[in-house]
1. For the chain, which GluC sites (Glu not before Pro) are in a loop by DSSP, counting at most 13 other Cβ atoms within 10 Å?
2. Starting at the first residue of segment 44-54, write each ³J(HN,Hα) from the Karplus equation 6.51 cos²θ - 1.76 cosθ + 1.60 with θ = phi - 60°, in whole Hz, x for Gly and Pro.
3. Given the chain, what whole percent of its Cα pairs are spread farther than 21 Å?
4. Below 8 Å between Cα atoms, with a sequence gap of 6+, how large is the relative contact order for the chain in percent?
5. Give me the Kirkwood hydrodynamic radius of segment 41-81, using the inverse of the mean 1/r over all pairs of distinct Cα atoms, in Å to one decimal.
6. Please give the contour-minus-distance gain from residue 15 to residue 50: 0.36 nm per residue of separation, less the Cα-Cα distance, rounded to one decimal in nm.
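Values quoted throughout were computed directly from the atomic coordinates according to the rules given, and no laboratory measurement underlies them. Note that this is a predicted model, so its numbers are computed, not measured. Note: ideal-geometry Cβ built from the backbone for every residue, glycine included; neighbour counts use all protein chains shown.
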Amino acid sequence: MTTSELILGSTLARQHLVDCLELFRELEDPWGQSLALLSLGNLEYLEGRYEQVRPTLEESLGIAMEKGDTWAVGAALNSLGSVAKATGDH
């Protein structure tokens, strides 16, 4: 896969995730919001957007904690740990 294909795929994935997040917010679906934010945060992490990823994952974590979704809490904490390791903030 070329760099251009990776960038295009990342751009398309980001747009789809943003669209999903907006839809879940309109539907007032916290579970969907949490998972869309988690996926968006993981994409930001893979892209190296460390300044953006932490607030995205923290929002996902907050929703998951509020709703008692232990899987999503664990996934968000795991992703936040990866960000901390990558940035040396541990």
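1. 28
2. Taking θ as phi minus 60°, the curve returns 4, 4, 4, 7, x, 8, 5, 5, 8, 5, 4 Hz for segment 44-54.
3. 32
4. 23
5. About 10.0 Å for segment 41-81.
6. 10.8 nm is the gain from fully extending residue 15 to residue 50.
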